[in-house]
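First the structure, in the form of structure tokens, and then the observations on it.
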Amino acid sequence: NIVFVTGYSEYAAEALSMHASGYIIKPVSADAVHAELEDLRHPVALLPNTLLRIHCFGNFEVFVDGQPLVFEREKAKEMLAYLIDRAGSSVTTEQLAVALWEDRIYDNTLKNYVSTVLASLRKTLRKVGKEDILIKTHNHLSVDPDKIKCDAFDYEKGIVSAINSFRGEYMSNYSWAEFKTGVYVSMEQDQQQPYRLSKK
């Protein structure tokens, strides 16, 4: 799209012959610019204002526009990690509590604490405009994988860059992630297996 902004009205016909998207005569007003951008010859799909990128290989880390996301509670970060590990499958408050506080009994005190941590997680994501990655229904919580750029998700889709980035470590900062580490190691070994000719 080309929008001409000029003080010379006599070139408008020439601009149209070049298939320009717009022609604004000076002095320019914000309304005139806005009107031209709303009516472009080739409409532009706007990209999200921020990109949320999640690294699961190695330690679990979250980045917004290339900068590490700072969580006010470490358990809120771990809660997000657990939801990412579930890759869109929902979990109950009790399942979250059992996974993240495995040494504690699930009672009203712990249930309230889980709610406090979830509120902290939502607040952190809201600050960067990404609270919409969380899907909350009655007593169930999940993430929307389509709104997240994640190396683990890409790995499972067979994307080469993600496969090459796996070094045998998955969310190393969380003990509950060990099972999935084994799954990825097994997948990696399967990918590296040479093809064998069957004997006839």
| message | So, Leu141, is that one in contact with a strand residue (DSSP E or B) (Cβ under 7 Å, 6 or more places away or on another chain) and closer than 18 Å to Leu52 by Cβ or not? | response | yes
Expected single match for touching a residue at least 12 places away in the same chain (Cβ under 8 Å), of a type outside the set (A, V, I, L, M), part of a helix (DSSP H, G or I) and open to solvent by 80 Å² or more (accessible area, probe 1.4 Å) among Glu102, Glu78, Glu94, Glu72 is Glu94
Of the residues in segment 81-91, those that are among the polar types (S, T, N, Q) and either open to solvent by less than 30 Å² (accessible area, probe 1.4 Å) or on the phi > 0 side of the Ramachandran plot (or both) number 0
Original post:
Does Tyr23 satisfy being touching a residue at least 40 places away in the same chain (Cβ under 8 Å), crowded, with 17+ Cβ neighbours inside 10 Å and of a type in the set (Ser, Thr, Tyr)?
Top reply: no
Scanning segment 105-125 residue by residue, those under 17 Å from Ala81 (Cα atoms) and open to solvent by 80 Å² or more (accessible area, probe 1.4 Å) turn out to be Lys123
Checked segment 133-148 for anything surrounded by 13 or more Cβ atoms within 10 Å (Cβ to Cβ), under 17 Å from the mean Cα position of the chain (by Cα) and not hydroxyl-bearing (Ser, Thr, Tyr); matches are Ile133, Leu134, Ile135, Leu141, Val143, Pro145, Lys147, Ile148
Going through segment 105-117 in order, the residues found to be out of contact with any Ser or Thr (no Cβ under 9 Å at 6 or more places or on another chain), in a loop (DSSP other than H, G, I, E, B) and under 20 Å from His138 (Cβ atoms) are none
When restricted to Phe179, Phe153, the only residue open to solvent by 40 Å² or more (accessible area, probe 1.4 Å), in a helix (DSSP H, G or I) and closer than 22 Å to Lys77 by Cβ is Phe179
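So, in segment 1-20, exactly how many residues are open to solvent by less than 60 Å² (accessible area, probe 1.4 Å) and not aliphatic (A, V, I, L, M)?
Count: 2.
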Do we find that Ser120 is modelled with pLDDT of 90 or more, in a helix (DSSP H, G or I) and hydroxyl-bearing (Ser, Thr, Tyr) in this structure? yes
- Does segment 161-173 contain any residue that is under 25 Å from Val64 (Cα atoms), open to solvent by 70 Å² or more (accessible area, probe 1.4 Å), in contact with a helix residue (DSSP H, G or I) (Cβ under 9 Å, 6 or more places away or on another chain) and modelled with pLDDT under 90? yes
Practice prompt. Please indicate, with yes or no, whether at least one residue in segment 30-52 is open to solvent by 30 Å² or more (accessible area, probe 1.4 Å), under 14 Å from the mean Cα position of the chain (by Cα), modelled with pLDDT of 95 or more and not aromatic (Phe, Trp, Tyr).
Written response: no
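The values are calculated or read from the model by the stated rules, or taken from the named source; none is laboratory data. Keep in mind the model is a prediction, meaning the values are calculated, not measured. So basically every Cβ, Gly included, is an ideal-geometry build from the backbone, and we count neighbours across all protein chains shown. Note: accessible area is taken over every heavy atom of the protein model, side chains too, but ligands, DNA and RNA are not part of it. Shrake-Rupley method; radii C 1.70, N 1.55, O 1.52, S 1.80 Å.
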